[in-house]
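Below: the structure, in structure tokens.
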């Protein structure tokens, strides 16, 4: 069956080529799924190398490429090499969608690794759903999405906050100042935070959103002074994080009395703002570069050897790295003629691997990942000190803030 | 009441940063009539020079200020000499050219230095906060305020009390008549542009400890600078000062009462409405056409 179908595609392609450039798309529409062939497994790597989010997405590209190179150097997947096709979507959602279509329809990649922002993920989603292809998304995000064409390897709100918020209430007090950048991710995280605060007896003294790219925080700092919260709960992203931390420090506020608790400040952001501005503040994430495990030591050493000794690893680049290995594992389970996106997806359900952060698993119900939440405090040398590690890995609940809804294998379902 | 004074000081601080960034643009736009879209990139270059001197040569921010001014002014002079002076009296082409120069500078930095965010250390002597009328204020912000005042005073003196300033004012009124009196307009323009660029570079270096340094940081500043200059009235240095502080107080106050998103929107809206009724800006000096 597989062979005859492939012959058909070949013929179709030949006919398409024969009859002219405008014609082939008719055959692509009828053709079957993207499929690996000829000892090559083509995958797309879709991280911005230019534009505003290039700052972080470059490191995601690097971690993905590192994993692919390692896999190929160790003999590939059952003799086939992974061939990465790198595209630069230039931090622009429309370009993301265009490049995704090119990778899926034109290059017939069997999977694409990509995206940092939710906006870019939402932009490519229709492409992957229509073509029944597979997108691997490494970033922590706001949850509340349920697609059978995306594998989510970053944390969702419950995995970053369930430990973190009660710990903060207990350690510092119950008054929280919520500040975030003005878009969907911080708002959803704060929705969940408010639920947890209610449960643990905390209160919100202010909830505030600044424009993306905002860099003048003096009024915010005045408000913080006048409301005197115990914790500043921050989901500010991008270069605003740097400005907020540096101005907090210049204003003479004290992290010991009023720390910032962040879901977005990783080693990458700390390197950008300087350890002196970040020292004393807290972050919750499944991975920190200082985490002690043989897998992590190997990852950090390999990353710095490949890309430079001054480079840092962080919780999104780690996910890029282990999700590529999960991809390898899934493909290994398949016969060479069966390497198609839906088969890869079925093979990755319930798959486990030892990631740098610990053993992770893809939840078969919602294609999100079981992770190991950690709480860490930043030191002035730019690295974190891990203070709390969970004893159990934590199940991903992408609809944690919405009690009536669950993501199932058939899609979003309303719980009765 | 404390909050009120705190907010006034915040407004002064925001205003001084706006003025700092807008001063260079005000000179170039106001006196040469060049809409310099690469202004933000000059700010960015200043910040990067500060970073470079600090991380590779161990020079503190305060000691780097003069080299930074000279370096960015030199770049500005080169750009004026080899790009803009060839486009005399073609305002639309100049806009396009400066925009292009901006992109080239931005990508050039990205290619050579990389696109990672960078930072510049606060000078240790200014990294604490100080107490003014019973309120704790960041020393560095006070320092920024004072530097801005000094730079403004220097610029004003340069324009109004020196020969080159007089020549520039003559060219502003009528270039051909000034030239017929023996003023070398080309040279004056080159120096003016270099001075404006150098000021922008200084602004970038001075704000860098409070903000982040990245290749595309200039985009935000160029918008702010144009807002200030247009609101204040082109060709009016005093107008630039007034409008910088008006905008500073306004956005600080709205951000405090509401939030920064609302502040940004309302301030822009206010400017649009104002420009509708006073296209020449709030403060204008009468010029014979």
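The values are calculated or read from the model by the stated rules, or taken from the named source; none is laboratory data. From a predicted model like this one, the values you see are computed outputs, not experimental measurements. Please note: Cβ atoms are built from the backbone with ideal geometry, for glycine as well, and neighbour counts cover all protein chains shown.
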In this structure, is residue B:9 in contact with a strand residue (DSSP E or B) (Cβ under 7 Å, 6 or more places away or on another chain), within 14 Å of chain A (Cβ to nearest Cβ) and within 15 Å of residue A:222 (Cβ to Cβ)?
yes
All positions within segment B:254-276 that are surrounded by fewer than 21 Cβ atoms within 10 Å (Cβ to Cβ), at the interface with chain A (Cβ under 8 Å from one of its Cβ atoms) and either in contact with a strand residue (DSSP E or B) (Cβ under 8 Å, 6 or more places away or on another chain) or closer than 20 Å to residue B:5 by Cβ (or both):
B:261
Which of the residues spanning segment A:363-391 are farther than 30 Å from residue A:256 by Cβ and part of a loop (DSSP other than H, G, I, E, B)?
A:363, A:364, A:365, A:366, A:367, A:368
Every residue in segment A:211-235 that is part of a loop (DSSP other than H, G, I, E, B) and either more than 7 Å from chain B (Cβ to nearest Cβ) or free of Cβ contacts under 8 Å to residues at least 12 places away in the same chain (or both), please.
A:212, A:217, A:228, A:229, A:230
In segment A:236-249, residues that are part of a loop (DSSP other than H, G, I, E, B) and farther than 18 Å from residue B:216 by Cα total 1
Please indicate, with yes or no, whether at least one residue in segment B:180-201 is out of contact with any helix residue (DSSP H, G or I) (no Cβ under 8 Å at 6 or more places or on another chain), more than 26 Å from residue B:101 (Cα to Cα) and surrounded by fewer than 24 Cβ atoms within 10 Å (Cβ to Cβ).
yes
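Tally up the residues in segment A:179-199 that are in a helix (DSSP H, G or I) and either away from every other protein chain (no Cβ under 14 Å) or surrounded by fewer than 24 Cβ atoms within 10 Å (Cβ to Cβ) (or both), please. Can you show your working first?
Restricting attention to segment A:179-199, the residues satisfying the condition of being in a helix (DSSP H, G or I) are A:184-199.
Filter again for either away from every other protein chain (no Cβ under 14 Å) or surrounded by fewer than 24 Cβ atoms within 10 Å (Cβ to Cβ) (or both), leaving A:184-185, A:187-189, A:191-199.
Residues meeting the conditions: 14.
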Residue in segment A:37-52 that is farthest from the chain's Cα centre (by Cα), counting only those that are part of a loop (DSSP other than H, G, I, E, B) and more than 14 Å from chain B (Cβ to nearest Cβ)
A:38
Name, by its number, the condition in (1) touching a helix residue (DSSP H, G or I) at 6+ places or on another chain (Cβ under 8 Å); (2) within 14 Å of chain B (Cβ to nearest Cβ) that does not hold for residue A:147.
(2)
Only one of B:69, B:57 is more than 13 Å from every other protein chain (Cβ to nearest Cβ) and closer than 25 Å to residue A:268 by Cα. Can you tell me which?
B:57
Given (1) within 14 Å of chain B (Cβ to nearest Cβ); (2) within 20 Å of the chain's Cα centre (by Cα); (3) outside any helix (DSSP H, G or I), where does residue A:310 come up short, assuming only one miss?
(2)
Which residues, counting only those in segment B:105-140, are more than 14 Å from chain A (Cβ to nearest Cβ) and modelled with pLDDT of 85 or more?
B:105, B:112
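So, in segment A:236-252, exactly how many residues are facing chain B (nearest Cβ under 7 Å) and either in contact with a helix residue (DSSP H, G or I) (Cβ under 8 Å, 6 or more places away or on another chain) or modelled with pLDDT under 90 (or both)? Give the steps one after another, and end with the answer.
Step one: filter segment A:236-252 for residues facing chain B (nearest Cβ under 7 Å), giving A:239, A:242-243, A:246-247, A:250-252.
Adding the requirement that they be either in contact with a helix residue (DSSP H, G or I) (Cβ under 8 Å, 6 or more places away or on another chain) or modelled with pLDDT under 90 (or both) leaves A:239, A:242, A:246-247, A:250-252.
Residues that pass the stated criteria total 7.
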